[in-house]
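One structure below.
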Amino acid sequence: MNRELLEKPFGPEQIKQREGNFGKMLDYIEGSSVIQRLNDSFEAKWSFEILEHKILDNTDEVVVLGKLAASDIAKTQFGSSKITRARESGDMISLADDFKAAGTDALKKCATLFGVALHLYKSSGKAPSLGQSDNKNKSNNFKRGNNNGGNGNGNGGDNGNGNNRISAKQHKYIMSLCLERGISKSQLNQHSLEAYAVAVDYLTRADASSLIENLLNE
């Protein structure tokens, strides 16, 4: 593993932008750039597989749980993509392509746990958006994979699933703030997933406090 190369900042020409929730612009890296970085860092000796996949009827999205393995280390992350529909009929155009896009999103999210594009974290203070330009929120309807002793999101904490999980008071306050600002639950979850890698219901108390602060500053 070449950590220096893995964590090497991408050039400005490789960093793209898209509009995220709350009107903020988010930086992201295209899949081809991430794949090239993995090939160079591991001499192409890495693998990626989809562990689970799901269609979310309520949000019209597809979600996958992907696993990236290299140098006897494995990382798991969620990826998603909005279902593409015909404008006139509303019929699905290609569900296979939607799952492919979600898989690419999951691959790139896993790559961040190996150190790829960490400089985007430092510049924004939040998790970078490595998803494709039309990527939406990730699902928490899957059981989280074992992330080499971590919790599946790369931060090694309890990920909000234990005693440190968001309190009822915090959750109620967050929802009231969103109601005041006209933010839907789907938009809120997308923002939470982009910033903290989990949906609102699974935030830690510390991350919930951070989210409240962000909402108050909107």
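Within the stretch 139-170, the set of residues being under 26 Å from Lys54 (Cα atoms) and modelled with pLDDT of 80 or more comprises Arg165, Ile166. The set of residues in the stretch 168-187 being touching a residue at least 24 places away in the same chain (Cβ under 8 Å), surrounded by 14 or more Cβ atoms within 10 Å (Cβ to Cβ) and in a helix (DSSP H, G or I) consists of Gln170, His171, Tyr173, Ile174, Leu177, Cys178, Ser186, Gln187.
Against the numbered list (1) modelled with pLDDT of 85 or more; (2) more than 29 Å from Phe42 (Cβ to Cβ); (3) not assigned by TED's automatic domain parsing to the domain that holds Ser209, Leu179 comes up short only at (3). Taken over the stretch 189-218, residues that are in a helix (DSSP H, G or I), in contact (Cβ under 8 Å) with a residue 60 or more places away in the chain and in contact with a helix residue (DSSP H, G or I) (Cβ under 6 Å, 6 or more places away or on another chain) amount to 3.
Once the stretch 47-95 is narrowed to residues that are in contact (Cβ under 8 Å) with a residue 60 or more places away in the chain and outside any strand (DSSP E or B), the residue that is nearest to the chain's Cα centre (by Cα) is Thr59. The residue that is farthest from Val63 (Cα to Cα), counting only those in the stretch 164-218 that are out of contact with any Asp or Glu (no Cβ under 6 Å at 6 or more places or on another chain) and aromatic (Phe, Trp, Tyr), is Tyr173.
The values are calculated or read from the model by the stated rules, or taken from the named source; none is laboratory data. The shown structure was predicted, so the numbers you read here are calculated from the model rather than taken from an experiment. Neighbour counts run over all protein chains shown; Cβ positions are idealised from the backbone, glycine included.
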